[in-house]
1. What longest region of the chain stays clear of trypsin sites (Lys or Arg not before Pro) that DSSP places outside H, G, I, E and B and that have at most 13 other Cβ atoms within 10 Å?
2. Based on alpha-carbon centroids, what's the gap between the range 159-234 and the range 22-47 in Å, whole number please?
3. Report, in degrees rounded to the nearest 10, the 0 to 90 angle that the Cα long axis of helix 2-18 makes with the longest principal axis of the chain.
4. Once you have all Cα-Cα distances for the chain, histogram them in 10 Å bins from zero and send the whole-percent values.
5. When the convex hull of the C-alpha atoms of the range 97-137 is computed, what volume per residue in Å³ does it have?
6. For the range 133-225, please report how many Lys pairs fall under 14 Å Cα to Cα, leaving out neighbours fewer than 8 apart on the same chain.
7. Using a probe radius of 1.4 Å on heavy atoms only, what accessible surface per residue do you get for the chain? Whole Å² is fine.
8. Can you give the helix-only mean residue ellipticity at 222 nm for the chain, where every DSSP H stretch with n ≥ 4 adds -39500 (n - 2.57) and the sum goes over all residues, rounded to the nearest 500 deg cm²/dmol?
Amino acid sequence: MKKIYFFLCTALFINSINAQEKIPFRITKYNNIIVKTLVNDKDSLDLMFQIAMQDASVSPERLKPAKSIVFKNEISENNSVKIGNLEWKNVKFYDNELTGPEADGKIGTGMFKGKTYKIDYDNNQFVIYDKQPDIKGYKEVSYISNQEGQIFLSCDNLIDNETYESNFLLQSGYAGGLLYNNQFADTKDLNKKLKITGEKTLKNSAGKSIITKQGILPMLTIIDNITLKNVSAGFFSGEIKNQSTSYFGADLIRRFNWIFDAETKHIYIKPSKYFDAPYFKFN
């Protein structure tokens with residue numbers, strides 16, 4: 001009896017450590033994560049997961065109605081959101097925010113507040129844990145977070161045989177790889193030091209040019225022993241440049257499985273099935 005009791009206690013202890021909820025998602029051809037939601041028990045919306053925001057929003061280009069979300073000054077308070085068997089209360093929605101293709105709006109990291117969670121690209125799912133999960137095979141990454149909860153990774157960039165450190169905002173709404181801010185692009189002379197693979201020019205109503213360029217970064221080091229080679233990297237040139245933040249886009253995020261530990265405030269990664277996939281190409 002003692003052995004049986006010990007076995008049951010051990011099993012319960014293990015189960016309590018690994019207690020978890022799973023949320024399935026799908027990935028679009030633009031590398032965006034889409035989750036199916038039910039808002040206020042009335043509106044079925046496909047929302048794009050945006051790791052760079054905490055609340056939610058609906059797009060002016062949405063295909064599905066969102067009649068239950070009542071806005072006042074473009075903000076709607078106290079909404080409920082169901083995803084599978086899980087439900088969140090007091091969700092704030094913003095109105096008229098553009099999102100990625102195939103999405104009616106966006107939903108941020110607020111649904112994971114106070115929880116440890118994993119973005120599991122190998123199995124197309126979020127996993128929410130009550131306790132810290134097994135991190136065997138994962139490596140901790142260096143990051144900083146601002147007051148809005150946005151996460152910036154500190155990475156080393158190999159440019160013209162010189163290594164430069166830069167902070168990148170995790171931006172799952174940007175389909176591509178890296179997008180450099182204007183200051184970094186100008187001071188490091190990326191227009192001359194990166195191999196340029198594409199360029200687009202747009203003009204505003206005043207006739208001023210907005211030029212986007214795509215290049216190749218020879219090597220990006222996220223942490224020791226985890227590097228990406230020949231990374232797709234974009235930047236702006238021309239008369240108008242308003243990119244103040246560098247992005248670590250969805251094409252790079254999907255190359256890893258991520259664990260965000262709520263208790264220790266640590267972030268862990270390991271390569272996913274997309275690690276060696278071809279880089280996203282803008283048309």
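1. My reading of the result: 137-207 is the longest stretch.
2. One Cα centre to the other: 30 Å.
3. Helix 2-18 sits at roughly 30 degrees to that axis.
4. 6, 26, 31, 23, 10, 3, 1, 0, 0
5. Value for the range 97-137: 105 Å³ per residue.
6. Here the count comes out as 5.
7. That works out to 55 Å² for each residue.
8. Calculated at 222 nm, the ellipticity per residue is -3000 deg cm²/dmol.
The values are calculated or read from the model by the stated rules, or taken from the named source; none is laboratory data. Treat the numbers as computed from the prediction; the structure is a model and nothing was measured. With ideal geometry, Cβ positions are generated from the backbone for all residues, glycine too; neighbour counts draw on all protein chains shown. For the accessible areas, the whole protein counts, side chains as well, though only heavy atoms, and no ligand, DNA or RNA atoms are used. Shrake-Rupley method; radii C 1.70, N 1.55, O 1.52, S 1.80 Å.
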